[in-house]
Amino acid sequence: MKNLSKILAIGAIAAALALPRPAEAGIKFGLKGGANIANVNGDFSESLSDWKSTVGFCGGVFLELNFGRIVTIQPEVLYTVKGADAGGGKLKFDYIEIPVLLKIRIPMGSVHPFVFAGPAFGWNLKAAIEGYEIDDMPTSDYSAVMGGGLQLGRSIHIDARYTMGLQKLEIPDLETIDLKNGVLSATIGLAF
């Protein structure tokens, strides 16, 4: 028991020394907003093969956990509108989505280009076809997110990302075989 206490104490001290201090880590909170160009991807019946992209809103909050000047973990909570338009029918899905992104920044003066990737987990708040609510839509969604952008100064973030849905959307009465969300987003954010 005495040896276990020593090992735990040494481990705690080593972890405290290895992790950056809060001031060095540069923990920041931010707000972001922008637009989505959304569509659905996958196998369709022939009557659904002409789906077109639709534009929607996305926005929310993020937390920036900077580990030095290059590596950042960035969890976000976003409200995002997804869906598609088929001319004769429009799909609209409202989600709360939580991406957890690993961001790699290239420090270059006051402009820092960055790339990021990570998983996202979403909860469907509302689903509708032509304004009629769909009651038995799957309530959760999971996705892979990848993108890049620019950090201007210490506070302004501009990014573009693609969110590739990995969860099958089973929409009643649409004869879908393997339908998934696909969203291209552009946002601007402000970190405090």
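Just so it is clear, none of the values below were taken in a lab; they were calculated from the coordinates. Just so we're clear, the structure is a prediction, and the values are computed from it rather than from any experiment. Note that we place each Cβ from the backbone using ideal geometry, even for glycine, and neighbour counts take in every protein chain shown.
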Could you list, bin by bin from short to long, the percent of Cα-Cα pairs of segment 24-191 in 5 Å steps?
-> 2, 9, 18, 22, 16, 12, 9, 6, 4, 2, 0, 0
Calculated SAXS-style log₁₀ I(q)/I(0) at q = 0.23 Å⁻¹ - segment 70-140, Debye, Cα scatterers = -0.95
How would you rank Ser110, Ser143, going from fewest to most other Cβ atoms within 10 Å of each one's own Cβ?
-> Ser110, Ser143
With R₀ set to 30 angstrom, the calculated FRET efficiency between the beta-carbons of Ile27 and Val55, to the nearest 0.05, is 0.35
